[in-house]
C-alpha cells in the first residue's frame, strides 16, 4: 500500500519532545499518539487514539462496527497479550476490549491493555491505554512501550482492516 512509507516515517520520527499529540492523517484514518518518552528503537505512549471516517456515501451498521472490533483484536495478535472483547453496548455502539490475561509483575502488580471503541459518531474511534493495578487498588494509566516497527505495523494493519471493511466505499 502507498501509505506504508508515510506510516513508517511517522512512527520512526515520533519524539517525546513534541508539544501535544503527534498526528498522522491518512484521509479516512487518523492516528494520534501521546508520546511520553522515546529512543531510537521504541516509544512510550500514554495513549493511542485512532479515528476512522465512515465514507459519506455509506450508512454504517452495527455489525460492521462489531466486525471491525473483532477483526482488529484478531489481527493485532503481536502485542504483549492477546485482546478480547469484554463488553458490548449495542445501542451505544461501544465496546470495551482488554488483554485476555494481564501481565503479572514480580511485585504483584498486573498490567493490561484497555481499549474503548466508539462507533456511534463519525468518525468512529478507539482510545487505547495500558492500565496497572496493584493488589486491590484502583487501576492507573501507565506507559505503553512499543517498538517503532510494531507501532507502524499496528497502524498499517488498522488501516488495512478499515479499507477491507468499506471496500470501494459501498455499503454492505
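Structure summary
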{"item": "Selection count where residues are surrounded by 14 or more Cβ atoms within 10 Å (Cβ to Cβ) and farther than 13 Å from residue 65 by Cβ, scope segment 97-115", "result": "11"}
{"item": "Residue, farthest from residue 37 (Cα to Cα), within segment 116-139, restricted to residues that are modelled with pLDDT of 95 or more and surrounded by fewer than 16 Cβ atoms within 10 Å (Cβ to Cβ)", "result": "116"}
{"item": "Test: residue in segment 110-124 that is over 14 Å from the mean Cα position of the chain (by Cα) and within 21 Å of residue 43 (Cβ to Cβ)", "result": "yes"}
{"item": "Any chance residue 43 is closer than 17 Å to residue 146 by Cα and surrounded by 13 or more Cβ atoms within 10 Å (Cβ to Cβ)", "result": "yes"}
{"item": "Entirely in segment 1-59, the strands (runs of 3 or more DSSP E) that have 3 or more residues that are over 19 Å from residue 128 (Cβ atoms) and in contact with a helix residue (DSSP H, G or I) (Cβ under 7 Å, 6 or more places away or on another chain)", "result": "none"}
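The values are calculated or read from the model by the stated rules, or taken from the named source; none is laboratory data. Values in this document were obtained by computation on a predicted structure and should not be read as measured data. Glycine also receives a Cβ, built like all others from the backbone with ideal geometry; neighbour counts cover every protein chain displayed.
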